[in-house]
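Below is one structure, written out as structure tokens, with a few remarks after it.
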Amino acid sequence: MLTPLFDLGTYKREPRFTNGFYQKDILSVSQFSKADLDYIFERAQEMLAMCETWGTCDLLKGYTLACVFYEPSTRTSSSFIAAMERLGGKVIPITEGIQYSSVSKGESLIDSMITLEQYCDVIVLRHPEIGSSATAAKYVKAPIINAGDGAGEHPTQALLDLFTIQRELGTLDGLKVAMVGDLRYGRTVHSLTRLLSQYDVSLRFVSPDTLRLPLDLMNELIDKGLNVRETNKVSDVIENADVLYVTRIQKERFSDLAQYEEVKNYFVISPDLMAQAKEKMVVMHPLPRVGEIEYKVDKDPRAAYFRQVQNGLYVRMALLAAVLGQA
Amino acid sequence: MLTPLFDLGTYKREPRFTNGFYQKDILSVSQFSKADLDYIFERAQEMLAMCETWGTCDLLKGYTLACVFYEPSTRTSSSFIAAMERLGGKVIPITEGIQYSSVSKGESLIDSMITLEQYCDVIVLRHPEIGSSATAAKYVKAPIINAGDGAGEHPTQALLDLFTIQRELGTLDGLKVAMVGDLRYGRTVHSLTRLLSQYDVSLRFVSPDTLRLPLDLMNELIDKGLNVRETNKVSDVIENADVLYVTRIQKERFSDLAQYEEVKNYFVISPDLMAQAKEKMVVMHPLPRVGEIEYKVDKDPRAAYFRQVQNGLYVRMALLAAVLGQA
Amino acid sequence: MLTPLFDLGTYKREPRFTNGFYQKDILSVSQFSKADLDYIFERAQEMLAMCETWGTCDLLKGYTLACVFYEPSTRTSSSFIAAMERLGGKVIPITEGIQYSSVSKGESLIDSMITLEQYCDVIVLRHPEIGSSATAAKYVKAPIINAGDGAGEHPTQALLDLFTIQRELGTLDGLKVAMVGDLRYGRTVHSLTRLLSQYDVSLRFVSPDTLRLPLDLMNELIDKGLNVRETNKVSDVIENADVLYVTRIQKERFSDLAQYEEVKNYFVISPDLMAQAKEKMVVMHPLPRVGEIEYKVDKDPRAAYFRQVQNGLYVRMALLAAVLGQA
């Protein structure tokens, strides 16, 4: 008879909140009602307060996250790792080489996910193929958080964007939000737009002609009765915007480079442009930027893109705690 | 005189169990007696119970693992990382880039291992060269756990395989175990076979002619008086097998592809084949699979390959705790 | 009204020591006075005692480190990760792939650093460009610890070198220190030399003619009135040296390989050479070595290069705790 290692009688890990998000997958922004958003944002505020007071806590003690990135994304993986660690949970970081290991031996994504599920309580998945997280979620019992599935969704980015607007401006209703840049391929724009369409907002879409918002999304907004309008120049919207959500315009999208050179300056945010904006507005960007916002703008108190990054930490902490039944 | 940072008088980290595995290297299955296996499996059962009740614990608080993978193996490295973290130990994960850093500057494996030893209490090592863990163990004081040395051994895989059979069927004696696939090069088959040869088992080896079990291993089994038999088709063994241990057959092993196409179907586990098997048997696989077991088999309760993965976690937890004197 | 997750009233994370290093960047050895060095080394001694007694502690509980390596360096990144983990802090390890992710999308180092700052309390940065850490420190509020900026500095290496000499010989004054190898390009030699020049030491520089110490550094030493001398052979200095600090001579530095072959043996430390040295002296090396010190020398108690590695852990623990106001 061996000396027992543990006296297990004293404590059992249990979910504390089993309604709402407990054991749910986070796959798409479309699954979030306004009440859901309110809930997550309220929890995110608590996370913020905790981080400022304690730095870390033990809320997710006993839980393990597998953070699986089939394509590198330092910002997103770091954010999830920091979120789990600050909550006192454990992290298995699989942010590299995965394509060179099991996958290159021909293993299917499903098998990989079911394998990792044996070691952990929740999985964060970034994968280049659209629908990959949804597919994984069908086979895996542990909650899956979609951290980007190619041209598909990146729901936690949209949630942190919305949370940022709310924190910066105190409300989501009655705002004029201008989306700038590549509105055709930019999935962050599409997801945020869908979330915003639940609120009483006016939307302005600023893009080159070839990178306009997809037809079906535009029609969706019009059907909902939202006040929408499209234009080619930031200068058309800067004076009235409460939010300027800027994204990258990729040179590669233009078959005619001359055309790119011609239009690109209409989309660069400069101090001169900011001088025309309201005193109380916010400039956001999902980052990385490559020239769309001049560095000189960083000192402007309305430049919210780094606070936006920090909000991602709090929103992801709230989501992790929620799907594990601890928030 | 500085304000001291610590009051060290209150506690000292000490080994609790100094017999058996304390400070031992885990290099080969051949070092495990039946009593050793019993011990590790009993500890693994405790780990399982702890994980289900608490999730994580503090048994290895104060200890640090360097998890060093010179070739990527997400499954194995994740398993060791999760094992150490669930025990409350710290992990230095070195699962990438190692070949591009010090090693590419010409540093020897030994120097790298002695260096890492300065930071940690135990080292898990995966390295493509046969004998690398044994060599490292000669020079390094901290216990080394071999996580695969090329064509050599991968002892923790064999231990988790054996533990799985015991958990699934309640015993190791009196069983009929069929090994299927590439029996010539498959190191997991060789290691598990050696462990099983300590028990009262019948062994059936199912492979293409060119991938039969190596002569010396076969003779070893015969010398021990084990009931062994070889065949070319799974259908020959399916009715009587208690355990079907399936491995990959690599196309590349065949110089004549027509031959590969001819034989490959004899080794694929399908629901039809499963219908011929005993009600109480288990299908195992070291994973990744690439077609040897049809996905439809996954729902069969006898499909044990994902539970096998989870058992790896518990066995590795037991080993880590044992070599550090905490189990 | 939600059930609150935290009762924050009970505790607040606060700096304990706000003089000296609190919130300071560690960019260069030139920022360290003798009093600073004394302070860090005294704290490093406490870290050593803590590691030997407890293994890990909670001194940096509540704090998070982003460990960012734009070029792989397993030794240095492992050392910092182990240091932070042993102090009970959290680590976001970004030791790979970074060049393939945001940076490859054109993100600037500054943006990456400000982004990471949102998740953590301190950043360790390794980057191939000289001055990169200083640049980052200008824009980032969190303390930056320079873990190597190309041909620039690697201050924690120099600190651990100096700490090693003090631990091994009990003093820094009155010593004869010989630097051996590539003295022209070796940044560890330059940094250590600068630190040593604050003490009463004699310096001997042993290198091939083409790899002599840079003129400006030599003049700096002479201006300070230090006893310095240069030579081409280790045998010239071995008898009187208290410290033999050996570095790699890279073949690639020689345009004429015949010249390399001719001189290389003058710089190899062998047991024969050690037989001529004092009984109480130390051989050091920043590692990795590629033949400059024969493996046979490892058993010599004067071979301090692996103890030197371990001292790096303690010095880095001291620095991390100091910049976070906890030492």
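The values are calculated or read from the model by the stated rules, or taken from the named source; none is laboratory data. Quick caveat: nothing in here was measured; it's all calculated off a predicted structure. Counting neighbours? That spans all protein chains shown, and the Cβs are built from the backbone with ideal geometry, glycine included.
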(request) Determine the pairs where a residue that is under 19 Å from A:VAL122 (Cα atoms), located within region A:25-51, has a partner that is at pLDDT below 95 and not aliphatic (A, V, I, L, M) with Cβ atoms under 6 Å apart, the partner being 6 or more residues away or on another chain. (result) A:SER28/A:GLU153
(request) Kindly list the number of the only condition in (1) more than 21 Å from A:ARG167 (Cα to Cα); (2) under 22 Å from the mean Cα position of the chain (by Cα) that fails for A:VAL283. (result) (1)
(message) Just to be sure I understand, how many residues within region C:294-306 are part of a helix (DSSP H, G or I) and either more than 8 Å from chain B (Cβ to nearest Cβ) or farther than 30 Å from B:LEU2 by Cβ (or both)?
(response) 6
(message) Would you confirm, using the coordinates I've provided, whether C:THR188 is touching a residue at least 60 places away in the same chain (Cβ under 8 Å), assigned by TED's automatic domain parsing to the domain that holds C:ILE249, under 30 Å from C:SER108 (Cα atoms) and not in a loop (DSSP other than H, G, I, E, B)?
(response) yes
(request) From C:LEU313, C:LEU324, C:LEU257, grab the single residue that is in contact with a helix residue (DSSP H, G or I) (Cβ under 9 Å, 6 or more places away or on another chain), touching a residue at least 12 places away in the same chain (Cβ under 8 Å) and not charged (D, E, K, R). (result) C:LEU313
(request) Please specify each residue of region B:67-95 satisfying the condition of being polar (S, T, N, Q) and free of Cβ contacts under 8 Å to residues at least 60 places away in the same chain. (result) B:THR74, B:SER78, B:THR95
(request) For region C:114-165, name all the residues that are modelled with pLDDT of 95 or more, within 21 Å of C:THR74 (Cβ to Cβ) and of a type in the set (Asp, Glu). (result) C:ASP161
(request) Could you please find all residues in region C:220-233 being in contact with a strand residue (DSSP E or B) (Cβ under 9 Å, 6 or more places away or on another chain) and in a helix (DSSP H, G or I)? (result) C:LEU221, C:ILE222
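Are any residues in region C:105-154 part of a loop (DSSP other than H, G, I, E, B), of a type in the set (Gly, Ala, Ser) and within 14 Å of chain A (Cβ to nearest Cβ), and if so, which ones? Give the steps one after another, and end with the answer.
Kept after step one, since they are part of a loop (DSSP other than H, G, I, E, B), are these residues of region C:105-154: C:106-108, C:118-121, C:128-131, C:140-143, C:150-154.
Remaining after also requiring of a type in the set (Gly, Ala, Ser): C:106, C:108, C:131, C:142, C:150-152.
The answer is C:GLY106, C:SER108, C:ALA142.
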(request) Return the only residue of A:ASP209, A:ASP223, A:ASP236 being outside the structural domain of A:GLU117 (by TED's automatic domain parsing) and within 20 Å of A:LYS34 (Cβ to Cβ). (result) A:ASP223
(message) Which condition from (1) touching an Asp or Glu at 6+ places or on another chain (Cβ under 7 Å); (2) modelled with pLDDT under 95; (3) over 12 Å from B:GLY291 (Cβ atoms) is the one that B:ARG248 breaks?
(response) (3)
(request) Within region A:68-98, track down each residue that is of a type in the set (Asp, Glu), more than 7 Å from chain C (Cβ to nearest Cβ) and in a helix (DSSP H, G or I). (result) none
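Here's the yes/no breakdown for (1) on the phi > 0 side of the Ramachandran plot; (2) buried (at least 20 other Cβ atoms within 10 Å of the Cβ); (3) in a loop (DSSP other than H, G, I, E, B); (4) within 25 Å of the chain's Cα centre (by Cα):
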residue	(1), (2), (3), (4)
B:MET218	no, no, no, yes
B:SER235	no, no, no, no
B:GLU252	no, no, no, yes
B:GLU261	no, no, no, no
B:TYR266	no, no, no, no
B:GLU279	no, no, yes, no
(message) A:GLY181 - would you say it is buried (at least 23 other Cβ atoms within 10 Å of the Cβ), on the phi > 0 side of the Ramachandran plot and of a type in the set (Gly, Ala, Ser)?
(response) yes
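Regarding A:GLN259, is this residue of a type in the set (S, T, N, Q) and either within 14 Å of chain C (Cβ to nearest Cβ) or over 18 Å from A:ASP209 (Cα atoms) (or both)? Give the steps one after another, and end with the answer.
Details: of a type in the set (S, T, N, Q): yes; either within 14 Å of chain C (Cβ to nearest Cβ) or over 18 Å from A:ASP209 (Cα atoms) (or both): no.
Spelling it out, it is not the case that A:GLN259 is of a type in the set (S, T, N, Q) and either within 14 Å of chain C (Cβ to nearest Cβ) or over 18 Å from A:ASP209 (Cα atoms) (or both).
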